[in-house]
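The values are calculated or read from the model by the stated rules, or taken from the named source; none is laboratory data. Everything numeric in this text was worked out from a predicted model, so none of it was measured. A quick note on method: Cβ atoms are made from the backbone with ideal geometry, for glycine too, and the neighbour counts reach across all protein chains shown. Ligands, DNA and RNA are stripped out before the accessible areas are found, and what is left, the full protein with its side chains, is counted by its heavy atoms. Shrake-Rupley method; radii C 1.70, N 1.55, O 1.52, S 1.80 Å.
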Amino acid sequence: MKVLVIGANGKVGKHIVDKLVETEHTPYAMVRKRDQIPQFEEKGVEAIHADLMRDFEHAFKGMDAVIFAAGSGPDTGADMTIVIDQEGAIKAAEHAGANGVQRYMMLSSIGADRAEEAPDDFKFYLYAKRRADEYLKSTDLDYTIVRPGSLTNDAGTGKVTLQERTEHGEIPREDVAATLVHLLSEEDSIHQSYDLISGETPIEEL
């Protein structure tokens, strides 16, 4: 499949692109800044210049799947959380449907399905994530929602816990990327939502 990676220049997104290169799929890196393009071209990956804050529908032309891995980041305010994590993800789902891109992988956050239980300073972010997740569920897309725990930059272990709901935990970004790429081709994961933390199950056995 031709796979559009939204947020390809992010910490998880870069891993996703690298993992896709190792598969039969072809990644297309959607980047917000033109100076981010060469790093992907050096890997033989085509980059598409598009901005979630503007019209980015052109990025979906000819694609078979999309992995939404964009995020506003911890240093931005509530306004950017709404623009990127909520409305950006919703608009991406709309563009996918309008352009026949049926497979949609959503990188969400653990606790998004129970945002009201979160600490006050984290509720806003999780409510935005949940709004995007719920919109995706209302579409006709073949979606999979993955809600990882706290992200680390540790090297991936290749082993995770993937369940409908689990206790909070940590997971390397590399393992999050590997899980998303693996589930992309797993039909049993369509119309499913999962929590994801480090564990004992090899990703290839999910």
Given the residues Ile90, Ile84, which is the only one that is in a helix (DSSP H, G or I), surrounded by 13 or more Cβ atoms within 10 Å (Cβ to Cβ) and at pLDDT below 95? Ile84
Provide a single number: the residues in the range 24-49 that are closer than 23 Å to Thr179 by Cα and either without any contact (Cβ under 8 Å) to a residue 60 or more places away in the chain or open to solvent by 50 Å² or more (accessible area, probe 1.4 Å) (or both). 13
Could you run through the range 59-81 and say how many residues are among the acidic types (Asp, Glu) and either closer than 21 Å to Val176 by Cβ or assigned to a helix (DSSP H, G or I) (or both)? 2
Quick check on Thr179: is it surrounded by fewer than 17 Cβ atoms within 10 Å (Cβ to Cβ) and hydroxyl-bearing (Ser, Thr, Tyr)? no
